[in-house]
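The values are calculated or read from the model by the stated rules, or taken from the named source; none is laboratory data. Bear in mind the structure is a predicted one, so any value in this text is a computation, not a measurement. Glycine gets a Cβ as well: all are built from the backbone with ideal geometry, and neighbour counts include every protein chain shown.
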Amino acid sequence: MVNKNIVLNVCGVKSLGGLKLFLESFDFLAESGSKLTVLYSELPFYKDLQNQFIDSKLVKFIYIKQRRFAHPYLNFFISKDIKNIINSSDAIIHYGNFGFKTKIKSFVLIQNVLPLVKNDLRNRLLRFFILRSSKSSEHILIQLKHLKNYLPTEERKKIIEIGEIVEKSVPLSNTNGGIVCFASEVPNKNFQFILKTLRKISNNNLITIINPSTNIKEFNCVTTSNNEETIKILSENEIYFHASNFETVGLPLYEAQELGLKVVAPSSPYTQYFDKDSTFLYENNNVNDAVEKINTAIKSESKNIHALNYSENWAKVLSKI
């Protein structure tokens, strides 16, 4: 394999999902022997990562001070030296849904579906930049195939689907009827719908809500500070309840199944991949149907979960550089 010089543009990437996605690709590309230049704008995390490679000759970090609104036009703001480093590389991967124009091969990763489906002012503006980057890039990276339907037909020939799903059988974690879910203030996560549904479940003492902003007295509310604590709480239950209107992947669904939980989730493009014996799909935003599916899941006597393992294949990307 010929080693490549690759620019990784992670300006604006700071969500847990975005960071996880970047780290997995970073590890793969670094291990491939490629020379990496990381453009970053979020100081705390990337500063820590930079310290791990302080003596590396293959990894270079460049801090970009411009604010997020300037990121689609960074080619007008960055110094000549930085511009020369970028344009002398083999390719650039933009991780934050959109990038800026360069003279080299460009990949844009769409990791947030909301700008493509929501019509408020902020998301319309983000959609403009996403579609602009998609049009000017040689390749568009998506995680799963349902995202293709949100992109213009004329751009779909550029798509590289990096997500891969493998099914495996996992023993059911519990038969205690315990239901667990995550709290969220993000409207798309549909937490108010979750509460409406769970308040119709008779055994409220068996319901656990992870990380609510305030304590909800009729439920068992817990706060976790790391992934290990979250996994422990999930594993103590039988059913994971999910309600997001839209997901790029929906990693909690996969993680819950791998822990041996039955999943109750809305019938949606992002849940089309799941086995119907271990996943109980309800009509989106239908409280009564969600309650019915939760009760069906509780009564289900399946001893094993047909779990899906999700991973990403960055070799597909490297082969195109």
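General remarks:
- Being outside any helix (DSSP H, G or I), closer than 22 Å to Glu24 by Cα and not acidic (Asp, Glu) holds for only one residue in Ile165, Ile209, and it is Ile165.
- Residue match in segment 219-228 (condition: crowded, with 24+ Cβ neighbours inside 10 Å, closer than 25 Å to Val287 by Cα and hydrophobic (A, V, I, L, M, F, W, C)): no
- Segment 15-24, residues that are surrounded by fewer than 21 Cβ atoms within 10 Å (Cβ to Cβ) and closer than 23 Å to Thr102 by Cα: Gly18
- Subset of segment 25-48 [touching a strand residue (DSSP E or B) at 6+ places or on another chain (Cβ under 8 Å), farther than 20 Å from Val317 by Cβ and surrounded by fewer than 20 Cβ atoms within 10 Å (Cβ to Cβ)]: Leu43
- Residue match in segment 231-243 (condition: in a helix (DSSP H, G or I), surrounded by fewer than 23 Cβ atoms within 10 Å (Cβ to Cβ), at pLDDT below 95 and not polar (S, T, N, Q)): no
- Remark: pairs (first residue in segment 216-243, under 19 Å from Gln192 (Cα atoms); second residue surrounded by fewer than 16 Cβ atoms within 10 Å (Cβ to Cβ) and of a type in the set (S, T, N, Q); Cβ separation under 8 Å; 6+ apart in sequence or on different chains) = Glu218/Asn204; Phe219/Asn204; Asn220/Asn205; Cys221/Asn215; Val222/Asn211; Thr223/Asn211.
- Selection over segment 113-137 of residues that are assigned to a loop (DSSP other than H, G, I, E, B) and within 20 Å of Lys157 (Cα to Cα) gives a count of 2.
- Of the residues Thr175, Thr197, the single one that is more than 23 Å from Gly18 (Cβ to Cβ), surrounded by 14 or more Cβ atoms within 10 Å (Cβ to Cβ), hydroxyl-bearing (Ser, Thr, Tyr) and assigned by TED's automatic domain parsing to the domain that holds Lys217 is Thr197.
- Within segment 245-269, tally of residues that are under 17 Å from Ile194 (Cβ atoms) and not hydrophobic (A, V, I, L, M, F, W, C): 8
- Residues satisfying the stated conditions in segment 185-198, i.e. at pLDDT 95 or above and part of a loop (DSSP other than H, G, I, E, B): Asn190
- Residues located in segment 32-58, provided they are under 26 Å from the mean Cα position of the chain (by Cα) and of a type in the set (A, V, I, L, M, F, W, C): Leu36, Val38, Leu39, Leu43, Phe45, Leu49, Phe53
- Subset of segment 268-321 that is of a type in the set (Asp, Glu) and under 21 Å from the mean Cα position of the chain (by Cα) - its residue that is surrounded by the fewest Cβ atoms within 10 Å (Cβ to Cβ): Asp275
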